[in-house]
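A short write-up of the structure that comes next.
The numbers here are math on the coordinates, done by the rules we state, and not lab data. These numbers come from a predicted model, not from an experiment. Neighbour counts run over all protein chains shown; Cβ positions are idealised from the backbone, glycine included.
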Amino acid sequence: MSQIQPKKILPLLMINMFIVMLGVGLVTPILSALITDFGASGQTIGFLVAAYGITQFVLSPITGKLSDQYGRKSLIVAGVAVFALAKIIFAIGSELWMLYCSRLLEGVAAALLVPPMMAYVADMTTTEERAKGNGLLGTAMSLGFVIGPGLGGLLAGYGLRVPLYAAAGAAVLAVIISIIGLPEPLSKDDMIAARAKGAPKLSILRPYADSLKSNYAALYMIVFVMTFGLANFESVFGLYVTNRFQFTPQAISVILTAGAVIGVGMQALLVARVIKAFGEQRVIQASLLFTSFAFAVLLLVRDFWTIFLVTSCIFFAMSLLRPALNTRISKMAGNEQGAAAGMNNAYISLGNILGPSLAGLLFDVNVVWPFLVGCFILLVTFLMTLRLK
């Protein structure tokens with residue numbers, strides 16, 4: 001472990017993560033209006049959202065290894081800088097291709113940022129402290145997502161593109177903070193040893209094929225299922241309660257926002273204590289089983305407050321599952337923290353791409369199918385974890 005003091009550096013990582021995720025959330029309220037100005041269809045919005053996940057999916061395995069070979073700090077600084085550039089391109093974009101370029105660059109930025117940050121936490125913490133570090137980093141990420149849309153809506157009152165410039169400015173601030181405040185946690189010897197294993201190759205399928213043969217294969221599958229299930233749920237929840245119960249957009253917003261806030265609170269206050277008390281394995285199993293059960297219950301309840309309660313429980317379980325998985329993978333990774341974090345992030349991207357896609361198809365068949373399939377997949381994954389050691 002690095003001699004860097006977590007109490008001094010972890011807040012800087014959290015600020016960076018918060019600023020970037022805030023920048024992602026700032027754009028949410030204005031995206032539809034911007035696309036409408038171009039005369040584009042709703043399908044265009046779907047493609048723009050997918051573009052982000054595609055580049056993140058392709059590059060995360062590579063950037064994780066690069067952070068082992070050339071250091072965490074250089075990739076973090078590069079990632080925030082690319083994010084700022086992406087927001088500026090979106091802000092000045094006068095053609096659709098510029099918006100696509102911006103979204104692709106955002107995916108590149110996420111691939112450059114998230115794996116090195118996760119690896120950085122592992123570098124500077126003991127195995128006992130790691131769950132707390134992962135939980136706090138996850139809190140910063142979630143908080144950015146929660147605050148971003150609301151702040152973006154307020155800033156949009158001064159001009160539709162003002163949130164984009166604000167996000168770019170915040171990212172530039174994060175670049176300065178990273179350059180001045182972040183030390184490099186890896187020694188030169190560590191990086192030389194990592195480079196001796198060879199440069200990572202640009203391949204879409206090879207890293208995933210190799211990962212399925214690794215010691216982390218089962219955990220990567222759980223990461224995918226977790227992200228797939230949550231993305232599945234979030235993408236059609238609004239449609240589901242609107243179709244079945246005629247919920248208003250305001251009611252849906254209250255449910256999802258409150259659920260996200262509960263998740264943030266749990267990550268900040270309870271995650272480290274729960275994982276320390278019960279261990280990653282039991283937390284992973286309990287979270288999967290609980291979420292599977294909650295998906296099934298959601299189909300049986302009808303009134304607003306019961307749906308609110310069940311949805312909050314889903315967010316609560318997921319807020320425990322993510323740090324527990326990250327901590328378990330990190331403990332197994334040894335000197336390959338960047339590579340392991342990169343593949344972890346890649347499977348998150350895959351879940352974010354496939355979850356909404358399948359949910360939309362299933363919803364068109366029957367409004368309950370996305371939740372039934374999600375329930376089944378989570379339950380099967382729970383049964384698989386019973387064989388994990």
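Key figures for this structure:
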{"quantity": "Total charge dipole magnitude, the chain, about the Cα centre, Cβ charges on Lys, Arg, Asp, Glu only, Debye to nearest 20", "calculated": "760"}
{"quantity": "Sorted peptide list for 99-107, 244-252, criterion being average Cβ within 10 angstrom, highest first", "calculated": "99-107, 244-252"}
{"quantity": "Cα-based shape type of the chain, given that a ≥ b ≥ c are square roots of the gyration tensor eigenvalues and the cut on a/c is 1.5", "calculated": "oblate"}
{"quantity": "Simple Cβ-charge dipole of region 201-343, Lys/Arg +1 and Asp/Glu -1, about Cα centre, in debye nearest 20", "calculated": "280"}
{"quantity": "Label-point gap, in nm, between residue 126 and residue 302 - each point 7 angstrom along Cα→Cβ", "calculated": "5.6"}
{"quantity": "Relative contact order (%) - criterion: Cα under 8 Å, at least six apart; region: region 210-384", "calculated": "43"}
{"quantity": "Mean separation of Cα contacts under 8 Å, 6 or more apart, over the residue count of the chain: relative contact order %", "calculated": "28"}
{"quantity": "Sorted peptide list for 358-367, 169-178, criterion being average Cβ within 10 angstrom, highest first", "calculated": "169-178, 358-367"}
{"quantity": "Percentage relative contact order, region 1-178, counting C-alpha pairs under 8 Å, at least six apart", "calculated": "46"}
{"quantity": "The chain: DSSP helices with Cα axial extent of at least 18 Å and average Kyte-Doolittle hydropathy no lower than 1.0", "calculated": "6-26, 72-92, 96-124, 162-181, 217-245, 249-269, 271-298, 304-333, 369-385"}
{"quantity": "Between region 321-354 and region 236-290, the Cα center-to-center distance that results, in Å", "calculated": "20"}
{"quantity": "In region 1-178, lysine pairs with alpha-carbon atoms under 22 angstrom apart (chain gap of 8 or more, or interchain)", "calculated": "7"}
{"quantity": "Protection proxy ranking of 71-81, 371-381 - average other beta-carbon atoms within 10 Å, highest first", "calculated": "71-81, 371-381"}
